[in-house]
Amino acid sequence: MRKFNFCAGPAALPEPVLRQAQQELLNWRGLGCSVMEVSHRSPEFTEVAEGAEQDLRDLLDIPANYKVLFLQGGATGQFSAVPWNLFGAAGSREQRVADYIHTGQWAEKAIKEARRYGQVNIVASSADRNFSYAPGPDSWQQSDNAAYFHYTPNETIGGVEFDYVPEVSCPLVADMSSNILSRPIPVEKYGMIYAGAQKNIGPSGIAVGIVRDDLLDRALPDIPRSLRWKVAADAGSMDNTPPTFAWYLSGLVFQWLKAQGGVEAMAELAEKKSSLLYGFIDGSDFYSSPVEKSSRSRMNVPFVLADDKLDKAFLQQAEEAGLLNLKGHRSVGGMRASLYNAVPLEAVEALVAFMADFEKRCG
Ligand code: PMP
């Protein structure tokens, strides 16, 4: 009954997680009501909240001097919150500088937000080749007084992923919305990591923040309370009522990830799935990838057909074959297959078989 879902987000969730949620929905833990209908301060929900945090800490090996926050407002809320939280110790508006790498649409949105509160120095940009690569460190123009350095390790729309962690001398901030939990990361190299949940974590409505303790006291004085990481940290992410169902479901995903072998297993699977698809695309004259080989995302694979007049038929027939949500982002067109953790290898095998057959019939 369930089809293969390549949506970029909200994305596929692991089937066993959905089944467990379904089974527990009406009568959670024998309480006679659902997890959505109990106080977020109840002992039962506290256990869920703390368990989810601990599992995420275990999965990403998060050091003790980092707070794990469960936040609202999505990744957009967080790229807006970053300048508010980190410009406070940097002086007047003219003195505040932040370094940003411009790799595509999500980086650009984050840059626009930061410009409202200080100066943005574009360390490097891939605009010259239509955002088809991640610029290497040899081309960077870093400032010496940046309050922080922001980058987007995986551009969800362009399908561009960094295969290295930038080495910088100020706090490194990363929007990991679309590749968190897809491989081990050296958390200690980052000042702050954030991610919207709806790709590799859980349902939409919750975002995760991982913040080094010493960065909690750098907020601008006028920061809205709901954006301040310190407020969230001091309140155990419950300064206001959290999205309890999304938190609970994310916790189930973390347990599922652990049972699969954690982020090492996810990295192996991501490599297998993405190289199968890229290998097929590269071997065909009918399909092509617009992204430079060294920067191709393991999570989001955009591709185009030799003749875009066939796009519509491709999408329609894919859907009939049980392959959902392959349409590229509305701003770039073409196709995009998102291969997050919950997308099994069989889904990519089925996609490649469909693509080969479509090419034979229509190419
Ligand atoms: N950053 C990246 C890299 C994303 O992929 C997205 C969502 N697609 C966002 C930010 C925005 O996330 P949200 O909708 O949770 O605000």
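Okay, residues lined up against (1) of a type outside the set (A, V, I, L, M, F, W, C); (2) at positive phi; (3) surrounded by fewer than 22 Cβ atoms within 10 Å (Cβ to Cβ); (4) under 21 Å from the mean Cα position of the chain (by Cα):
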{"site": "V82", "(1), (2), (3), (4)": "no, no, no, yes"}
{"site": "H102", "(1), (2), (3), (4)": "yes, no, yes, yes"}
{"site": "W106", "(1), (2), (3), (4)": "no, no, yes, yes"}
{"site": "R115", "(1), (2), (3), (4)": "yes, no, yes, no"}
{"site": "Y133", "(1), (2), (3), (4)": "yes, no, yes, yes"}
Test: L69 is in a loop (DSSP other than H, G, I, E, B), closer than 15 Å to A246 by Cβ and within 16 Å of the ligand (Cβ to nearest atom): no
Selected residue (only one of G104, G73, G77 is in contact with an Asp or Glu (Cβ under 8 Å, 6 or more places away or on another chain), assigned by TED's automatic domain parsing to the domain that holds M176 and under 19 Å from I180 (Cβ atoms)): G104
Only listed residue being of a type in the set (F, W, Y) and modelled with pLDDT under 95, chosen from W140, W106: W140
D239 vs. criteria touching a Ser or Thr at 6+ places or on another chain (Cβ under 9 Å) and surrounded by fewer than 24 Cβ atoms within 10 Å (Cβ to Cβ): yes
Residue check for E50: at negative phi, surrounded by fewer than 22 Cβ atoms within 10 Å (Cβ to Cβ) and assigned to a helix (DSSP H, G or I): yes
Elements of type helices (runs of 4 or more DSSP H) contained in region 246-363, each with 1 or more residues being over 16 Å from C7 (Cβ atoms) and at pLDDT below 95: 345-362
Where T156 falls short, out of the listed (1) at pLDDT below 95; (2) within 16 Å of the ligand (Cβ to nearest atom): (1)
Selection status of E161, within 16 Å of the ligand (Cβ to nearest atom) and either surrounded by fewer than 20 Cβ atoms within 10 Å (Cβ to Cβ) or more than 20 Å from D61 (Cβ to Cβ) (or both): yes
Output for region 54-80, where each listed residue is crowded, with 22+ Cβ neighbours inside 10 Å and polar (S, T, N, Q): Q78
Qualifying residue in region 30-38 (condition: touching a helix residue (DSSP H, G or I) at 6+ places or on another chain (Cβ under 8 Å), over 14 Å from F245 (Cα atoms) and not hydroxyl-bearing (S, T, Y)): yes
Residue match in region 108-129 (condition: within 13 Å of the ligand (Cβ to nearest atom) and β-branched (V, I, T)): yes
Members of region 167-200 that are within 10 Å of the ligand (Cβ to nearest atom) and free of Cβ contacts under 8 Å to residues at least 24 places away in the same chain: M176
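The values are calculated or read from the model by the stated rules, or taken from the named source; none is laboratory data. Everything numeric in this text was worked out from a predicted model, so none of it was measured. Note: ideal-geometry Cβ built from the backbone for every residue, glycine included; neighbour counts use all protein chains shown.
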